[in-house]
Amino acid sequence: VDWQGKGLGLQHLVDGKLVPFIVPGLDSSSFEVVSLFFDRDHSLWIGTDRAGVYRINGTTVDHFGAADGLSSDDVNGFFQDREGNIWVTTSKGLDKFRETNVISYSKAEGLPFDRVESALAARDGTVWAGDVELTSISDKAINSFDQKTGLPGRLVTSLLEDQQGKLWVGIDDKLFVRDQSGFQEIRRVDGHSVGVVEKLAKGRDGSVWVRPAIPPFNKLIHFVNYKAAEEVQLPDGLRSYAFALEANGNLLVSLQSGDLAQYQAGDWKLISLHRPKGTGTVSQFAY
């Protein structure tokens, strides 16, 4: 849950209710949560607004901030590559954690930009970063794509690698899939462009869900085999915030109201979190 204060910050969903997450040395309501991520060692990484990174493993809490070498205390998200390194996107660059050491990638290290809008750790070990260009980072080199070198637009808004290893890229107000032949646009059910892509999520069945940043804000698009299969609308009066695919394939959506909604086979199930009104929304999911 974003925001901070009593009943806010980092919360734990237990038996359908949100309760404060408490471990020694951590006040879970003292910071605004922006991103959550579980690594392969089952440590929970917490990205915050203006408070850097927290890492929780059991009852052990570590904190990393700008004073420790992080490129910024404003953290956007996390990815883990095949070597186990943790990559952190911030408002001023891309940082790499390896055995608790931070390696920063910004303009000084060869990125064409400082602010990173989106990032992805691909299965082949390449890390992709997007903003005004699409950049790949590997042990061999840093390579960037812009409009002059094949990027079909100006601003990269979101990234995802699907089950087949293809790269899904939100660029400007369109959605593309990148493979060896280049960028191919993926369109809506009616043939129109998807619009600005805010978030992408994939299921174990290979399908991909997309949330476009255009009205109505209560609609999600489901793609199967690279074609739009359905456009799913939340019940009247509800707007989505974050969403993710559960292990069983169900779509879980956080609502602007602060509650959750679960979608399966054409039906919505509302999950009330029984929290006081006006205490924020669930902004990230981690499984």
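Taking packing as the residue-averaged number of other Cβ atoms within 10 angstrom, the listed peptides 109-121, 125-137 run from highest to lowest as 125-137, 109-121. Around the Cα centre of the chain, unit charges on the Cβ atoms of Lys, Arg, Asp and Glu (plus for the first two, minus for the last two) sum to a dipole of about 400 debye. On a per residue basis, the chain carries 49 Å² of accessible surface, using protein heavy atoms and a 1.4 Å probe. When only Cα pairs below 8 angstrom with a gap of at least 6 residues are kept, the chain shows a relative contact order of 11 percent. As an equivalent ellipsoid, the chain spans semi-axes of 28, 27, 16 angstrom, where each value is the square root of five times an eigenvalue of the C-alpha gyration tensor, largest first. On the protein heavy atoms, probe 1.4 angstrom, tell me the percent of accessible surface of region 142-224 carried by carbon and sulfur. The C+S portion of the solvent-accessible surface of region 142-224 is 47 percent.
Modelled label positions at S91 and A66, each set 7 Å beyond Cα in the direction of Cβ, lie 0.8 nm from each other. Each residue, S43 and R82, gets one label point 7 Å from its Cα in the Cβ direction; the gap between the two is 2.2 nm. If R0 is taken as 22 Å, the Cβ-Cβ distance between Q256 and D27 corresponds to a FRET efficiency of 0.25.
Charged neighbours of L155, selected by a Cβ distance under 13 Å, balance to -4 (K, R count +1; D, E count -1). Rolling a 1.4 Å probe over the protein chains gives W268 an accessible area of about 60 Å².
Across all Cα atoms of region 108-147, the radius of gyration (one decimal) and Dmax (whole number) stand at 9.6, 26 Å.
The values are calculated or read from the model by the stated rules, or taken from the named source; none is laboratory data. Quick caveat: nothing in here was measured; it's all calculated off a predicted structure. Quick reminder, even Gly has a Cβ in these numbers, built from the backbone with ideal geometry, and neighbours come from all protein chains shown. Ligands, DNA and RNA are excluded from the accessible area calculation, which covers all protein heavy atoms including side chains. Shrake-Rupley method; radii C 1.70, N 1.55, O 1.52, S 1.80 Å.
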